[in-house]
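One structure below.
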Amino acid sequence: MADTPRLLIDRTDTPIGELIVVADADGHLRAVDWTEHEARMRQLLRLHYGEGGFTLEPSRDPGGLTGTMRSYFEGRLDVIDTLPTRTAGTAFQREVWAALRGIPCGATITYSELARRIGRPAAVRAVGLANGANPVGIVVPCHRVVGANGSLTGYGGGIERKRWLLAHESRASLGPLLSSAR
C-alpha cells in the first residue's frame, strides 16, 4: 500500500487577498488558492487524492514556495516559471496544464487557441473545464486564458483578481522596456 502523501499548507498576504500554498514534503507545489475558497481547494484535493488520501499539516514556507509566491506579487514574475509542481488529474488535464505554462507572461490566449495548441481544436469546452480544474493557479497560469472576443471569463479567484493578475503581469513585463526607453 502506498504511503499517504503528507501535504504542507501555508498562507501569505498578497495585494489581492490571502493566498494558500500547499506543497508536498519534496518541495513540489500541489495547490494554490485563495483563503475564501479553501473549502473548494480541499474538495479538489480529495477528488485528486481520494478521501483520506493525504494529510494536510501547517508549515512555514514549505520548500521556499510561499516566499517565491510573495516574490511574484512583488513584481519578480519569472520566479514562477520553474516552480516544481506535482498534480494529479487526468492525462488530458495535465496536458492542458502543461500548455498553460507555455503562455508567456503578459500575454493572453483564447480557449480555442489553447485547444489548438494541444492538437485538439474541437475540444474547446473540455479545455475550459480542465482550465477550471487547475489546482495550481497563477503558477499554471489559467488566468491568461480569455474568451474568444478577448473578454475576461471564468477565473476561480474571481474576475477582479484575474484582471489584477493580467495588469500586474503586463506592467511588470513592460518594466524593462519602459526603463530602456528613458
Nearest-20 debye value, the chain charge dipole, Cβ charges on Lys, Arg, Asp, Glu | 620 debye
So for the stretch 6-80, Kirkwood radius off the Cα pairs, Stokes-Einstein at 25 °C and 0.890 mPa s: how many µm² s⁻¹?
-> 195 µm²/s
Take the Cα pairs of the stretch 91-180, get the Kirkwood Rh, then feed it into Stokes-Einstein at 25 °C and 0.890 mPa s and tell me D in µm²/s.
-> 185 µm²/s
Beta bridges by DSSP in the stretch 6-80, antiparallel share as percent, to the nearest 5 = 75 percent
Between beta-carbons, use under 13 Å as the cut-off and find the net charge around Asp61, counting Lys and Arg +1, Asp and Glu -1.
-> +2
From the C-alpha gyration tensor of the chain, square roots of 5λ in Å | 26, 22, 14
Using a basic spin-label model with each label point 7 Å from the Cα along Cα→Cβ, how many nm lie between Glu57 and Ser71?
-> 2.6 nm
Per DSSP H run of at least 4 residues, take -39500 (n - 2.57); add these up for the chain, divide by its residues and hand me the 222 nm value, nearest 500 deg cm²/dmol.
-> -11500 deg cm²/dmol
Size of electric dipole in the stretch 6-80: Cβ of Lys, Arg +1 and of Asp, Glu -1, about Cα centre, debye, nearest 20 | 120 debye
Sequence-separation-based contact order of the stretch 91-180, relative, with Cα cut under 8 Å and 6+ spacing, percent = 32 percent
Just add up the charged neighbours of Arg86: K/R +1, D/E -1, any other residue whose Cβ is under 10 Å from the Cβ of Arg86.
-> -1
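Here, each number is a calculation from the coordinates, and none is a lab measurement. The model shown is predicted, which means the values in this text are computed figures rather than measured ones. In this analysis, Cβ positions are derived from the backbone assuming ideal geometry, glycine residues included, and neighbour counts consider all displayed protein chains.
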